[in-house]
Amino acid sequence: MEHAFEAEGLVKRYGKTTALAGIDLAARPGTVLGVLGPNGAGKTTAVRILATLLRPDGGRATVGGLDVVRHAARVRRMIGLTGQYASVDEDLTGTQNLVLIGQLLNLRTAEAKVRAAELLAEFDLTEAAGRPAKTYSGGMRRRLDLAASLVGRPDVIYLDEPTTGLDPAKRDDIWNQVRSLVADGATVLLTTQYLEEADALADEISVIDHGRVIAHGTPASLKAVVGGQTILVRPADPARLADAAGVLAAVSGHQPESPSRGVVTVPVDGDAAFTEVVKRLDLLGIGVTELSLRLPSLDEVFFSLTGQHTERAEEVAA
Amino acid sequence: MTITAERVLPAPVAPRPFGLVRHSLALARRSLIKTLRSPEQLLDVTLQPVVFVVVFVYLLGGAVSGSTHDYLQLLLPAIMVQTTVFGGMATGVNLNTDIRKGVFDRFRSLPIGRSAPLIGSVLGDLIRYVVAVVSLFAFGYVLGFRVETDLLSALAACLLVILFAFSLSWAFVLVGMLAREPGAVQGIAFLALFPLTFGTSMIAPAATMPDWLRSWVAVNPVSHVMDASRGLLLGGPVAGPVLWSLFWSAVFVLVFGPLAVRAYRRRT
Ligand SMILES: Nc1ncnc2c1ncn2[C@@H]1O[C@H](COP(=O)(O)OP(=O)(O)OP(=O)(O)O)[C@@H](O)[C@H]1O
Ligand SMILES: [Mg+2]
């Protein structure tokens with residue numbers, strides 16, 4: 001078996017909306033596939049089909065070589081799902097939620113309790129274990145949700161935007177969890193709106209928009225297309241914006257852009273450029289309130305791939 | 001690049017017998033916990049029947065039976081049926097709310113029988129009927145209600161009433177699966193429940209009713225259960241009404257159960 005899961009030409013329509021217009025996704029066992037796309041791209045729809053919750057209108061999908069429609073029952077034994085919207089029971093405590101799932105996965109009650117305690121400890125929820133989930137913070141719910149999808153030690157795990165709305169520290173926790181799952185041999189499908197997240201975790205990335213894959217490759221190959229990194233400078237004194245832009249132009253050899261007021265950015269190829277920018281800004285005595293080296297945003301990725309901004313960015317701009 | 005890591009951990013999902021029963025019971029426990037965590041959900045099976053009893057006994061008791069005590073004796077076994085039958089409506093309403101939440105997505109993605117979440121809810125809501133029966137007896141006792149048969153018959157009456165309500169609740173589950181929103185479930189259920197519970201001899205003897213209504217009372221399944229409940233608690237003929245009650249209970253489970261499960265499967 002070459003792929004842990006595979007979708008070929010998936011089509012899904014809701015009335016006149018085409019959520020998926022023939023999408024291909026696949027991951028080899030023990031790897032992470034990042035599915036990157038803006039709101040409404042079809043990420044959740046694709047995940048729901050692969051998780052046997054939705055029937056496709058066209059195309060096919062398999063998990064472990066088994067068709068998700070014809071062998072749904074057997075596929076369900078292999079998968080774990082953390083949906084985009086919390087799928088824990090708010091009235092049940094953390095422990096009760098996990099024990100219930102253990103029992104539904106045919107663990108004996110005693111075993112289910114052990115497994116629940118294990119997972120609660122692993123996700124730093126032991127203290128909150130006896131409280132109803134509705135008293136949990138957003139981050140705690142997300143972690144409980146992730147724990148719930150791991151009770152049965154699934155081979156294939158779907159994580160639908162697992163870090164949206166989390167602060168950076170909590171996000172790092174989830175990232176580490178994903179890494180350790182993969183180290184244990186699981187295959188992960190992770191949807192996200194952040195190139196940074198896909199870059200940090202994925203072995204391969206599929207960029208989707210309007211229900212189609214518009215780019216696919218390793219993070220490195222994708223970054224080669226969309227430009228590696230971006231340097232952003234916000235001078236303390238707005239009058240020196242032009243000077244800062246001059247520095248960026250000189251170092252990178254590209255014409256800097258000003259995406260918002262008081263800020264200039266320019267794509268660069270390596271982090272050597274960053275050191276050089278810092279040096280020159282210092283030499284010219286340009287104080288800064290913000291100076292960063294970052295990966296392109298989703299909007300910038302889309303702009304590079306399609307020559308268009310994402311719809312959301314257009315709405316914001318309009 | 002070849003990463004083909006072997007799974008380090010064994011899959012714990014070993015087959016064990018009676019899966020559907022175990023899964024349904026685990027899910028029944030879930031709904032029990034939910035009910036106990038918000039006891040105000042039990043108001044419809046505690047406060048509401050008490051209000052009905054008070055209103056009917058003191059408003060109609062003198063007119064119908066000549067004395068409030070005689071009327072209470074006749075009314076309470078019937079109100080017990082009405083309350084439990086109405087109590088099943090909440091199962092449909094709650095399920096309709098529940099299936100839209102993420103937690104039902106999780107159940108659907110697990111390797112369990114499709115019917116388990118529905119059976120679990122219906123079983124867990126048995127607590128509602130038990131609470132209804134117990135609180136009605138307690139309140140009736142305070143007002144002067146007395147069982148005129150024996151303890152065993154009284155127990156049989158309670159079990160029969162609960163069984164019937166359980167069976168009929170599958171119809172509400174079906175409505176809960178088909179309706180778009182909880183309000184609609186309630187509307188449809190009320191529409192069906194009024195002729196079912198009031199088209200009986202619950203508050204007045206059928207002999208005083210017009211012909212068309214009397215023929216409805218005669219075939220209405222709920223009438224049979226009320227007759228059986230009166231027979232078992234007060235004495236009088238029981239065999240016929242009990243058999244009819246059991247017959248209708250079986251019919252409701254066998255018809256509405258599979259239909260509800262089918263509607264649940266289709267609804268994704
Ligand atoms: N149940 C539904 N009924 C009608 N349209 C739907 C339904 N579910 C999804 N859609 C539509 O299908 C398209 C894809 O939706 P989907 O939820 O898969 O996107 P997504 O990539 O997960 O977006 P987000 O980042 O906002 O979660 C959208 O246009 C959405 O409006
Ligand atoms: Mg989504």
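Against the conditions (1) within 16 Å of ligand 1 (Cβ to nearest atom); (2) open to solvent by less than 60 Å² (accessible area, probe 1.4 Å); (3) of a type in the set (K, R), where does A:K223 fall short? Just the number, please.
(1)
What do you reckon, is B:S65 free of Cβ contacts under 8 Å to residues at least 12 places away in the same chain, buried (at least 16 other Cβ atoms within 10 Å of the Cβ) and away from every other protein chain (no Cβ under 14 Å)? Step through it out loud before you land on a result.
Values: free of Cβ contacts under 8 Å to residues at least 12 places away in the same chain: yes; buried (at least 16 other Cβ atoms within 10 Å of the Cβ): yes; away from every other protein chain (no Cβ under 14 Å): yes.
So B:S65 passes the test.
Which one is modelled with the lowest pLDDT, of the residues in region B:245-268 that are within 14 Å of chain A (Cβ to nearest Cβ) and part of a helix (DSSP H, G or I)? Please lay out each step first, then the result.
Narrowing region B:245-268 to residues within 14 Å of chain A (Cβ to nearest Cβ): B:264-268.
If we keep only those that are part of a helix (DSSP H, G or I) too, we end up with B:264-266.
Details: B:Y264: 91, B:R265: 86, B:R266: 83.
This residue is B:R266.
All but one of (1) more than 14 Å from chain B (Cβ to nearest Cβ); (2) at pLDDT 90 or above; (3) over 18 Å from A:H3 (Cα atoms) hold for A:I205; state the number of the condition that does not hold.
(3) is the only condition that A:I205 fails.
Only one of (1) within 16 Å of ligand 1 (Cβ to nearest atom); (2) of a type outside the set (A, V, I, L, M, F, W, C); (3) closer than 14 Å to A:L189 by Cα fails for A:P29. Which number is that?
(1)
Every residue, every condition in (1) within 21 Å of A:I214 (Cβ to Cβ); (2) away from chain B (no Cβ under 14 Å); (3) modelled with pLDDT of 95 or more, yes or no:
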site: A:R28; (1), (2), (3): no, no, no
site: A:L33; (1), (2), (3): yes, no, yes
site: A:L36; (1), (2), (3): yes, yes, no
site: A:A41; (1), (2), (3): yes, yes, no
site: A:L54; (1), (2), (3): no, no, no
site: A:G58; (1), (2), (3): yes, yes, no
site: A:G65; (1), (2), (3): no, yes, no
site: A:V69; (1), (2), (3): no, no, no
site: A:A72; (1), (2), (3): no, no, no
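A:R212 fails exactly one of the following numbered conditions: (1) modelled with pLDDT of 90 or more; (2) open to solvent by less than 80 Å² (accessible area, probe 1.4 Å); (3) under 25 Å from A:G34 (Cα atoms). What is the number of that condition?
Just one mismatch for A:R212, condition (2).
Can you tell me which residue among A:V156, A:V151, A:V178, A:V207 is closer than 24 Å to A:V63 by Cβ, touching a residue at least 40 places away in the same chain (Cβ under 8 Å), within 16 Å of ligand 1 (Cβ to nearest atom) and touching a Leu at 6+ places or on another chain (Cβ under 9 Å)? Break it down into steps so the answer makes sense when it comes.
On the way: A:V156 fails: within 16 Å of ligand 1 (Cβ to nearest atom); A:V151 fails: within 16 Å of ligand 1 (Cβ to nearest atom); A:V178 fails: within 16 Å of ligand 1 (Cβ to nearest atom).
The unique qualifying residue is A:V207.
Could you count how many residues in region B:107-136 are open to solvent by 30 Å² or more (accessible area, probe 1.4 Å), within 14 Å of chain A (Cβ to nearest Cβ) and assigned to a helix (DSSP H, G or I)?
Adding up the residues that qualify gives 1.
Return yes or no: is A:P38 more than 16 Å from ligand 2 (Cβ to nearest atom) and in contact (Cβ under 8 Å) with a residue 60 or more places away in the chain?
On the way: more than 16 Å from ligand 2 (Cβ to nearest atom): no; in contact (Cβ under 8 Å) with a residue 60 or more places away in the chain: yes.
Against the criterion (more than 16 Å from ligand 2 (Cβ to nearest atom) and in contact (Cβ under 8 Å) with a residue 60 or more places away in the chain), A:P38 does not qualify.
Can you go through A:V47, A:V11 and tell me which one is assigned to a helix (DSSP H, G or I), more than 22 Å from A:S221 (Cβ to Cβ) and open to solvent by less than 50 Å² (accessible area, probe 1.4 Å)? Show your work before the answer.
Working: A:V11 fails: assigned to a helix (DSSP H, G or I).
Answer to the selection: A:V47.
Kindly indicate which of B:F104, B:F166 is within 14 Å of another protein chain (Cβ to nearest Cβ), under 22 Å from B:R22 (Cα atoms) and part of a helix (DSSP H, G or I).
Working: B:F166 fails: within 14 Å of another protein chain (Cβ to nearest Cβ).
The conditions single out B:F104.
If the Cβ limit is 7 Å and pairs must be 6+ apart or interchain, which residue in region A:14-26 that is farther than 18 Å from A:A51 by Cα pairs with which residue that is within 13 Å of ligand 1 (Cβ to nearest atom)?
A:T18/A:G211; A:A21/A:V11; A:A21/A:H210; A:A21/A:G211; A:A21/A:R212
Check off (1) over 18 Å from B:V242 (Cβ atoms); (2) open to solvent by 40 Å² or more (accessible area, probe 1.4 Å); (3) assigned to a helix (DSSP H, G or I) for B:V185 and give me the number that stays unchecked.
(2)
The values are calculated or read from the model by the stated rules, or taken from the named source; none is laboratory data. As the structure is a computational prediction, the values presented were derived from the model and not from experiment. Every residue, glycine among them, receives a Cβ derived from its backbone with ideal geometry; neighbour counts consider all protein chains shown. To get the accessible areas, we keep the full protein, side chains included, count just its heavy atoms, and leave off ligands, DNA and RNA. Shrake-Rupley method; radii C 1.70, N 1.55, O 1.52, S 1.80 Å.
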